[in-house]
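These notes concern the structure reproduced below.
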Amino acid sequence: MNSRESSDPYYDLFGDWDLIISSFLSQYGLRIRTKEFESVSWDEFKSLLAGLAPETALGRMVAIRSETDKDVIKHFTREQKRIYDDWRNRAAERTRQEPYIYEQQMDYLESMMAAMCGGG
């Protein structure tokens, strides 16, 4: 998981930012892009985000992406199916890349340790 992703596997903090903005406004009446919102702590923001209802823009997107009932998926509209498939393909791509990213990080760590110990 990279730093752009949330701990929730069904939304991306940056990729879904417009949905988050819309959801905060519709549910809480809060405008994120205001001076007043700058005083909201990260912990409070995460709590508000976690509390978003299924009726919000982000909630509807998460519901599609996280659906597991094959009968429900079979009756998705074309747009819902596209959203569902795009998210699954993205997750599969991340899974394929994880071993390579880990190897790169370990190689980098090894070279740093070697340099620190005079071996690099």
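The values are calculated or read from the model by the stated rules, or taken from the named source; none is laboratory data. Given the structure is predicted, the values throughout are model-derived calculations rather than measurements. Cβ sites come from the backbone with ideal geometry, for glycine too, and all protein chains shown count toward neighbours. With ligands, DNA and RNA removed, areas are computed over all heavy atoms of the protein, side chains included. Shrake-Rupley method; radii C 1.70, N 1.55, O 1.52, S 1.80 Å.
Structure above, values below:
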{"quantity": "Globularity ratio of the chain, using Cα Rg and 2.2 N^0.38 Å", "calculated": "1.43"}
{"quantity": "Portion, in percent, of the accessible area of the chain that falls on carbon or sulfur, probe 1.4 Å", "calculated": "55"}
{"quantity": "Helical contribution to [θ] at 222 nm, DSSP H n ≥ 4, -39,500 (n - 2.57), averaged over the chain, rounded to 500", "calculated": "-20500 deg cm²/dmol"}
{"quantity": "The chain: DSSP helices with Cα axial extent of at least 15 Å and average Kyte-Doolittle hydropathy no lower than 0.5", "calculated": "17-28"}
{"quantity": "Lys, Arg +1 and Asp, Glu -1 on Cβ, resulting dipole of the chain about Cα centre, debye, nearest 20", "calculated": "440"}
{"quantity": "Rg [Å, one decimal], Dmax [Å, integer] - segment 40-101, C-alpha atoms", "calculated": "14.9, 41"}
{"quantity": "LEU13 versus GLU103: modelled label distance in nm, points set 7 Å from Cα along the beta carbon direction", "calculated": "2.9"}
{"quantity": "Tensor-based shape of segment 15-64 (alpha-carbon gyration tensor, a/c under 1.5 rounded, otherwise prolate or oblate)", "calculated": "prolate"}
